[in-house]
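One structure is given below, encoded as structure tokens.
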Amino acid sequence: MISLLAIGMDGAVVRGQNYEKERRRMVVRQIERRGIGDKDVLRVMGEVPRHEFVPSEARSKAYEDRPLPIGYGQTISQPYIVAFMAEHLLLEPADRVLEIGTGSGYQAAILSRLVTQVFSIEIVDELIHRATNDLQRLGYQNILVKNGDGYEGWPEFAPFDAITVAAALDHIPQPLINQLGEGGRMVIPIGNSHDQQLLLIERHAGGLRRQAICPVRFVPFTRKSGD
């Protein structure tokens with residue numbers, strides 16, 4: 001299944017309580033004070049309504065400094081980690097980004113306000129339907145979402161200026177390396193359930209540079225049955 005949220009840069013229209021005060025507090029206390037300095041990342045973290053991407057019973061906790069369950073064994077990442085990953089991608093407005101693990105759609109919404117196009121892959125059908133509906137409802141229009149095995153990436157749209165992976169593996173998938181463009185950057189959690197590091201992968205002059213940038217705890221990477 002592929003769902004196209006038409007090309008564009010429209011923002012979100014939030015109905016009802018919009019949690020603006022909680023969102024500003026989140027940006028200042030959880031993100032800016034912890035060293036995130038990219039003004040565009042800070043801006044969009046203050047604009048995108050995280051509470052719209054969590055289950056209704058978790059809305060009161062939406063701006064807390066922690067991940068939250070979204071069902072099907074998956075989580076919406078801690079706000080700081082979303083900002084940290086986005087900052088390390090050094091995104092430019094004309095960039096095209098591949099996201100592995102749509103999940104709630106929150107990170108795709110953040111990325112969509114920073115770049116021209118987001119290509120997002122999710123393996124859980126129910127999460128695809130929910131995230132697509134939420135992104136459409138909120139007016140995010142430059143995101144293409146499909147069901148698939150994120151390990152294989154999305155070769156028909158490669159190369160990508162940046163790739164972000166929201167689940168942990170014990171190695172870096174070669175297909176994702178192949179789809180990273182010259183000068184591109186990828187952030188990906190590598191490790192097991194007890195010990196993970198967020199790696200920054202940079203492609204320069206045909207070679208790769210790898211750097212561990214932060215200890216993390218992500219859900220395990222899920223592949224199609226038989227892979």
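The values are calculated or read from the model by the stated rules, or taken from the named source; none is laboratory data. Fair warning: this is a prediction, and the values are worked out from it, not measured in the lab. For neighbour counting, all protein chains shown are included, and Cβ atoms are generated from backbone atoms with ideal geometry for every residue, glycine included.
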Practice prompt. For Arg25, work out the one condition from (1) surrounded by fewer than 20 Cβ atoms within 10 Å (Cβ to Cβ); (2) modelled with pLDDT of 95 or more; (3) not in a helix (DSSP H, G or I) it doesn't fulfil.
Written response: (3)
Discussion item. Every residue in the stretch 149-171 that is surrounded by fewer than 23 Cβ atoms within 10 Å (Cβ to Cβ) and in contact with a Leu (Cβ under 7 Å, 6 or more places away or on another chain), please.
Written reply: Trp154, Pro159
Response to the item:
Cβ pairs under 8 Å, 6+ apart or interchain, first in the stretch 122-149 and within 23 Å of Ser56 (Cβ to Cβ), second assigned to a loop (DSSP other than H, G, I, E, B) and of a type in the set (Asp, Glu), ordered by first then second residue, are Gly139/Asp10; Tyr140/Asp10
Worksheet item: Are there any strands (runs of 3 or more DSSP E) wholly within the stretch 157-227 with 1 or more residues that are in contact with a Ser or Thr (Cβ under 6 Å, 6 or more places away or on another chain) and aliphatic (A, V, I, L, M), and if so which?
Response: 180-191
Practice prompt. Kindly establish whether Gly37 is more than 17 Å from the chain's Cα centre (by Cα), modelled with pLDDT of 95 or more, exposed (fewer than 12 other Cβ atoms within 10 Å of the Cβ) and not in a helix (DSSP H, G or I).
Written response: yes
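Within the stretch 131-155, how many residues are outside any helix (DSSP H, G or I) and within 25 Å of Leu169 (Cα to Cα)?
At the first step, the residues of the stretch 131-155 found to be outside any helix (DSSP H, G or I) are 139-149, 153-154.
So of that shortlist, the ones also within 25 Å of Leu169 (Cα to Cα) come out as 143-149, 153-154.
Going through the stretch 131-155 one residue at a time, the tally reaches 9.
Yes or no: the stretch 176-190 includes at least one residue that is surrounded by 18 or more Cβ atoms within 10 Å (Cβ to Cβ) and without any contact (Cβ under 8 Å) to a residue 24 or more places away in the chain.
Within the stretch 176-190, one or more residues are surrounded by 18 or more Cβ atoms within 10 Å (Cβ to Cβ) and without any contact (Cβ under 8 Å) to a residue 24 or more places away in the chain.
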Practice prompt. Could you please find all residues in the stretch 64-79 being closer than 14 Å to Arg24 by Cα and either surrounded by fewer than 21 Cβ atoms within 10 Å (Cβ to Cβ) or touching a strand residue (DSSP E or B) at 6+ places or on another chain (Cβ under 8 Å) (or both)?
Written response: Glu64, Asp65
